[in-house]
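Structure first, commentary second.
Read-outs: derived from the displayed coordinates by stated rules, not from any lab. If you're wondering where the values come from, they're calculated on a predicted model, not measured in any experiment. Here the Cβ positions follow ideal geometry from the backbone for every residue, glycine too, while neighbour counts run over all protein chains shown.
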Amino acid sequence: MSGIVGWGSSVPKYRIKVEEIARQWGEDPESFKKGLMLREKSVPGPDQDTITISVEAARYALQRASYVDPGEIGAIYIGSESHPYAVKPSGVTVAEAIGMQPDFHTADLEFACKAGSQGMFLAWSLVDSGRMKYAFGIGADTSQGAPANALEYSASAGGAAFLFGREKVVAEVIETHSYATDTPDFWRREHEFYPQHGGRFTGEPAYFHHLLSCARIVMEKAGMKPSDFAYAVFHMPNGKFPMRAGKILGFKKEQIEPGWVVPILGNTYSGASPMGLAATLDIAKPGERILMVSFGSGAGSDGFVFETTSELPALQDKAPKLRAQLADDPIYLTYGQYAAFRGKIRV
Amino acid sequence: MTVARIWRERGRRYRLEAARCKGCGKVFFPGRLVCDKCGSREFEEIRLSDKGKILTYTVIRVPPPAHTYETPYAVAIVELEGGGRITAMVADCDPEKLEIGQNVRVVFRKISQDGEKGIKFYGYKVVPA
Amino acid sequence: MREVAIIGVGMNDRWGELWEKSLRDLYVEAALRAIDDAGVDHIDSMYVACMSSGLFTGQEHVSSLLADYLGVAPIPAVRVESACASGGNALRLGWLEVASGASDLVLVGGVEKMTDVDGSQATLALAAASDFEWEAFNGVTFPGLYAMMARRHMHEFGTTPEQLAAASVKNHHNGTMNPVAQFQMEITVETVLNSVLVADPLHILDCSPVTDGAAAVILCPADQAKKFNSQPVKIAASAVATDAMALHSRESLVTIGSAKAAAEKAYKQAGVGPGEIDLAEVHDCFTISEICLVEDLGFTEKGKGGEFTESGATALDGRIPVNTSGGLKSKGHPVGATGVAQAIEVYKQLRGEAGKRQVKGAKRGLCHNMGGSGGTSAVHILEVM
């Protein structure tokens, strides 16, 4: 058996409400609240970035899998659209911070919002093949959204880390599948600060085509149907898309809701579906199945079928759960404070 | 050179690596070659706890250049469980609501950077626990 | 060891933002005045106290530069740096050189040119007096360190912001009578408490200013002093002590251990106790430091410094007048010059030359000069001869 042995999520303390962004730009907040099912989003503090968020998430994962010696972790993969450096790995800083020994493999991954699930796939594959005892897959972002752009209402910050191993597995990986085509729905050119996107083109031919195809194939490979799952986690660029995808596939709202953190978190890009999975593991019971399908623009999806084990419950309370972090006394920002925090004010 | 200066401290800044004197048990952060209390030169490597209490604090309103756009921000002297004291910025808090004796937790954060083109400096801060 | 006396002193006309004067202008002006005041035709050696000419002006190696511009090369000249205690430490080295018999006429000068950088650079330069990697790196400023001492002092002893302010109000009052002082104006407790916060609980009027200035004294063996000066002043004690560099490493966050240690040595050297001191110049870089220092130098008990100050015990007509010059707060704090200027104030008081701020019948005075957040203290006791 191989799969997740520890997980952790990290979300900044700061938030901005949809109303506050809409007020700034003279927009109607209701169109974002109802249309995109977003209420507020997390904002990284000026001292937070993909590296610091990854460290906190990884430390929480190790707090849960407290028996793991960080020296035995053979790889760490961090997927993000906001690696702090254009050239210099995030993984080495995170590895040092969590006490890994120098004998490890690392790569900073990028594939828009599915970079995190790519890291999970690589980490699990290395562990499953027997090449390594433990490996980390992390998705984290301090997402960028240009001022006044629709993305500004959703682009948020957070991440989740998953430690994979072969013993004391809490969620076994039953099946995986990856699906990708050359579909330019969203991109960011070198030296550009904010991403560009294809507007409504990001929907049907991009998000829905890839995510639904991947979900159907991975379920087929596993010989399962929606009713075989207790939970489903789909990439969450807003509140509406994952719900609609679930409905098309035949999932009920109740299966999606536990991991559907986007209305109060926003879109954490590479962190989005991994954080949905983390929130689900926080509350799942033994013997339950979880379908997770990410989506990364450009475009592709990674699908995972997990089944939880009896090892899970004992670890749930050993580190802060995602929803508890979200509820823990957030600090609300004005648009001005938010703009300063995000470097949107040039000095 | 900034790079080497920052690099050599990473164990201390990232993992709170410290030393405990084998002669008298005094905890040093950062570690030293000789104990100022008993003169011993034998130390055991330890890691400081990530939990502690505020001994005293202030709110910086006139910052050095590295923190110009973060003011006002709080800084505290924290006594960590099991020994060792650090001076650290207090993040994610309302500086007006801090108190001496308050419990805090050590977190990993970006402290500052070498301008727009240089390296980023990571290290420890504390947050209310 | 020989006894040592001060036979001449010199400062700039007035300290402050001296835009037209460079570091060398400031120093040479004060040094020439000291040489003229002493009436000596040469000096054998020179100590230059300067904290951070590098960060403040870009110039290092100022000992040689200043010997050159003072026209005294090729005599040996040494720069002394121990942050804000550079002046006190230089005075001790000059004293040692004369006391040892190695030289007869030694000039001890101090200088800082601080206004060639903006406020934020000055904040950075001063923060370098802390343990840079483990304090300043983590965002704490120099006022921030003292603010943390103040907060703790309030917590442990119930010291109030009004008591802190009382030190500043008193020093400003004294400064109105000192023509050299940067700020010659009266302030009230309300003005201090209503002034802008720099690092809670310290307001801007709890903090000494950024100042350009220099000060110099000439030392010679006490038995030759009267050849030059009818009223020389004897250095009865000269002591320096150090303590943990980082505030967080100190045994106590509210006791300046280096001041206690240096004072203890100095009292022993002079054969006197704190009760026999007629006036003191203490290092009031921040109001809290004066509150701690009146305790740690033994003028009042630990924890009572606030009350003691508020009661008027340290005023000109009080039991032990403290900072008759206006202190660092009102006279100004050109870092390297401060320790030397403290000795000049006591010299003037002991000679009865302090004008309206004269302490009547002063026979023995103490100077306490401090570096960093207390990492160094220099204590000198001066006496009439």
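Values as computed for the structure displayed
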read-out: Qualifying trypsin sites (Lys or Arg not before Pro) for segment A:201-293 [loop in DSSP, other Cβ within 10 Å: at most 14]; value: A:K252
read-out: Rounded FRET efficiency, nearest 0.05, which uses the C-beta distance separating B:I119 from A:A339 and R0 of 25 Å; value: 0.45
read-out: Across the protein assembly as shown: Cys residues that no other cysteine approaches within a C-beta distance under 4.7 Å; value: A:C113, A:C214, B:C93, C:C50, C:C84, C:C207, C:C220, C:C285, C:C292, C:C367
read-out: Length gained when the stretch A:A180-A:V87 is fully extended (0.36 nm per residue, less Cα-Cα span); value: 30.9 nm
read-out: Chain C, helix-only ellipticity at 222 nm - DSSP H runs n ≥ 4, -39,500 (n - 2.57), divided by all residues, nearest 500; value: -11500 deg cm²/dmol
read-out: Additional length obtainable on full extension of the chain from A:Q63 to A:N149, 0.36 nm per residue less Cα span; value: 27.1 nm
read-out: Cross-link partners of C:K170 among lysines (Cα-Cα below 24 Å; sequence separation of 8 or more within a chain); value: C:K260, C:K302, C:K304, C:K329, C:K331, C:K348, C:K356, C:K360, C:K363
read-out: Exercise: per-residue mean of other protein chain Cβ atoms within 10 Å, C:98-105; value: 0
read-out: Other protein chain Cβ atoms within 10 Å, averaged over every residue that makes up B:66-76; value: 5
read-out: Packing-based order for C:82-91, C:349-358, using average beta carbon neighbours within 10 Å, highest first; value: C:82-91, C:349-358
read-out: Exposure proxy order (Cβ contacts within 10 Å, fewest to most) of C:H333, A:H191; value: A:H191, C:H333
read-out: Dipole-positive endmost among A:T181, A:A146, A:V170 within segment A:65-185 (Cβ charges, Cα centre); value: A:V170
read-out: Residue-by-residue Karplus 3J(HN,Hα) for segment C:64-78, coefficients 6.51, -1.76, 1.60, Hz, glycine and proline x; value: 6, 4, 6, 4, 4, 6, 7, x, 10, 4, x, 5, x, 9, 9
read-out: For chain B, calculated [θ]222 nm from helices alone, where every DSSP H run of n ≥ 4 adds -39500 (n - 2.57); value: -2000 deg cm²/dmol
read-out: Efficiency of FRET from Cβ geometry, C:L96 and B:R105, R₀ 45 Å, rounded to 0.05; value: 0.35
read-out: Other-chain or far-sequence residues with amide H under 5 Å of A:R15's (modelled H); value: A:V43, A:I331, A:Y332, A:L333
read-out: Cα-based shape type of segment C:290-363, given that a ≥ b ≥ c are square roots of the gyration tensor eigenvalues and the cut on a/c is 1.5; value: oblate
read-out: Beta bridges by DSSP in segment B:2-128, antiparallel share as percent, to the nearest 5; value: 95
read-out: Antiparallel DSSP beta bridges within the protein assembly as shown, as percent of all bridges there, nearest 5; value: 75
read-out: Residues listed by number, segment B:4-27, amide nitrogen under 15 Å from B:C38 label point at 7 Å toward C-beta; value: B:19-27
read-out: Segment A:327-334 - phi-based ³J(HN,Hα) in whole Hz, Karplus 6.51/-1.76/1.60, Gly and Pro as x; value: 8, 7, 6, x, 9, 8, 9, 7
read-out: Protection proxy ranking of A:166-174, A:71-79 - average other beta-carbon atoms within 10 Å, highest first; value: A:71-79, A:166-174
read-out: Size of electric dipole in segment A:172-308: Cβ of Lys, Arg +1 and of Asp, Glu -1, about Cα centre, debye, nearest 20; value: 440
read-out: A:H105-B:K97 pseudo-label distance in nm [points 7 Å out on the Cα-to-Cβ vector]; value: 4.7
read-out: Cβ neighbours within 10 Å from other chains - mean over B:88-94; value: 5
read-out: Partner lysines for A:K33 [C-alpha distance under 26 Å; skip if fewer than 8 residues away on the same chain]; value: A:K13, A:K17, A:K41, A:K114, A:K240, A:K247, A:K252, A:K253, A:K321, A:K344
read-out: Fewest-first sequence of C:V62, A:V92 by Cβ atoms within 10 Å of each Cβ; value: A:V92, C:V62
read-out: Computed Rg/Rh of segment A:172-308, alpha carbon atoms with Kirkwood Rh; value: 0.97
read-out: Virtual paramagnetic centre 7 Å along Cα→Cβ of C:R14, amide N under 19 Å, in segment C:211-225; value: C:211-215
read-out: Tensor-based shape of segment B:69-112 (alpha-carbon gyration tensor, a/c under 1.5 rounded, otherwise prolate or oblate); value: oblate
read-out: Ranked list, fewest to most other Cβ atoms within 10 Å of each Cβ, for C:F137, A:F234, C:F157, C:F132; value: C:F132, C:F157, C:F137, A:F234
read-out: Prolate/oblate/rounded call for segment B:2-128, Cα gyration tensor, a/c under 1.5 rounded; value: oblate
read-out: Within chain C, percent of DSSP bridges classed antiparallel, to nearest 5; value: 75
read-out: Estimated dipole of chain A in Debye, rounded to 20 [Cβ of Lys and Arg +1, of Asp and Glu -1, Cα centre]; value: 640
read-out: GNM flexibility winner over chain A from A:N238, A:N267, A:N149 (Cα, springs under 10 Å); value: A:N149
read-out: Sorted peptide list for A:57-66, C:207-216, criterion being average Cβ within 10 angstrom, highest first; value: C:207-216, A:57-66
